[in-house]
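Single-structure report; data block below.
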Amino acid sequence: MNEFKEGVPTQQGTVRCLEKGVAMPALLTNWKNFCEGTAEFDKSHFLALFHQDYDEEALAQLLRFFDRSDQLIKRISRFRAAWHRRRKRETLLSEIEACALAMKDLVEKSVAFEAFGERDLMALTNRVTPIVTGSVADFEQAAQADWPNREKQVVLGDYFDEKWSVHGPIMDALLEAFYGAANSYDLQWYLGAPLMDTTVDFEHFLRLWEAGYDTALTEVHLLLIRVSD
């Protein structure tokens, strides 16, 4: 399981990105200039944009370049609260609750399998049993398997890539920042959902992630594991 590399808070409240070594105030200035067209950056420059908490006013400034910014603000705030609870193990789910959420998430996203004619993945969705495992080795083997777990993610990625209602360099950079928030495409989709033409409910995944769970699909089970730091 890959926990994202959080920025390091300093005594002055500045957050420095471990990957880039860019102080967050500078990164915010870069973002403003990039969105206004007065500076050019590769989208990867903004991977750490959401590695710290912002108040609503700061988020409004960050996201003023996008439609539905109010909805984006709510999702980012919700994600950051979930991130803190995940780190502190403040959200508890029973194994039954976790398994139920994992299946709801899989079923929600199975619209992609149906749309792309992925009958084998649809069949798996209808027959797998969710189960919590304590074996990191078993989980990692399932998570890294080309079939079915990686194939599932490829299909989902292709499907949701077609659903973005906004396109262009600024949108690409925002999506990169959303991915960098937790090194997760599932959470990128959650954060960016207001800019997506879909009715898929990504909240199931966020609640599961918030409680510290990761999932991997096999031909028999939807495996869940509680991630330890």
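Could you tell me whether LYS32 is modelled with pLDDT of 95 or more, of a type in the set (D, E, K, R) and either farther than 18 Å from GLY180 by Cα or over 18 Å from the mean Cα position of the chain (by Cα) (or both)?
The answer is yes for LYS32.
What number of residues within the range 134-175 are part of a helix (DSSP H, G or I) and either aromatic (Phe, Trp, Tyr) or touching a Ser or Thr at 6+ places or on another chain (Cβ under 6 Å) (or both)?
5
Test GLN153 against the stated conditions and say whether it is without any contact (Cβ under 8 Å) to a residue 24 or more places away in the chain and polar (S, T, N, Q).
No, not satisfied.
Among the residues that make up the range 115-126, is at least one of them at pLDDT 95 or above, under 24 Å from LEU191 (Cβ atoms) and among the hydrophobic types (A, V, I, L, M, F, W, C)?
yes
Scan the range 146-191 for residues that are of a type in the set (Gly, Ala, Ser) and buried (at least 16 other Cβ atoms within 10 Å of the Cβ) and jot them down.
ALA173, ALA177, GLY180, ALA181, ALA182, SER184, listed by residue number.
Among the residues of the range 71-94, what is the count of those that are free of Cβ contacts under 8 Å to residues at least 60 places away in the same chain and either at positive phi or touching a Pro at 6+ places or on another chain (Cβ under 9 Å) (or both)?
Number satisfying all stated conditions: 1.
Among the candidates PRO169, PRO148, which residue alone is within 17 Å of HIS221 (Cβ to Cβ) and either touching a residue at least 40 places away in the same chain (Cβ under 8 Å) or polar (S, T, N, Q) (or both)?
After applying the criteria, what remains is PRO148.
Restricting the search to the range 52-61, which residues are modelled with pLDDT of 95 or more and within 17 Å of ALA81 (Cβ to Cβ)?
Within the range 52-61, just LEU59 meets the criteria.
In the range 33-51, is there at least one residue being closer than 19 Å to PHE202 by Cβ, in contact with a Phe, Trp or Tyr (Cβ under 9 Å, 6 or more places away or on another chain) and buried (at least 20 other Cβ atoms within 10 Å of the Cβ)?
Yes, there is a match, as at least one residue in the range 33-51 is closer than 19 Å to PHE202 by Cβ, in contact with a Phe, Trp or Tyr (Cβ under 9 Å, 6 or more places away or on another chain) and buried (at least 20 other Cβ atoms within 10 Å of the Cβ).
Can you name every residue in the range 187-229 that is free of Cβ contacts under 8 Å to residues at least 60 places away in the same chain and either in contact with a Ser or Thr (Cβ under 9 Å, 6 or more places away or on another chain) or of a type in the set (Phe, Trp, Tyr) (or both)?
Residues satisfying the conditions are TRP189, MET196, ASP197.
If you take the residues of the range 197-222 that are assigned to a strand (DSSP E or B) and within 14 Å of the chain's Cα centre (by Cα), which of them is surrounded by the fewest Cβ atoms within 10 Å (Cβ to Cβ)?
The qualifying residue surrounded by the fewest Cβ atoms within 10 Å (Cβ to Cβ) is ASP214.
Of all the residues that make up the range 103-132, how many are surrounded by 13 or more Cβ atoms within 10 Å (Cβ to Cβ) and touching a His at 6+ places or on another chain (Cβ under 8 Å)?
Looking only at that region, the number is 6.
The values are calculated or read from the model by the stated rules, or taken from the named source; none is laboratory data. Computed from a prediction, not measured in an experiment: that's the story for all the values here. Every residue, glycine among them, receives a Cβ derived from its backbone with ideal geometry; neighbour counts consider all protein chains shown.
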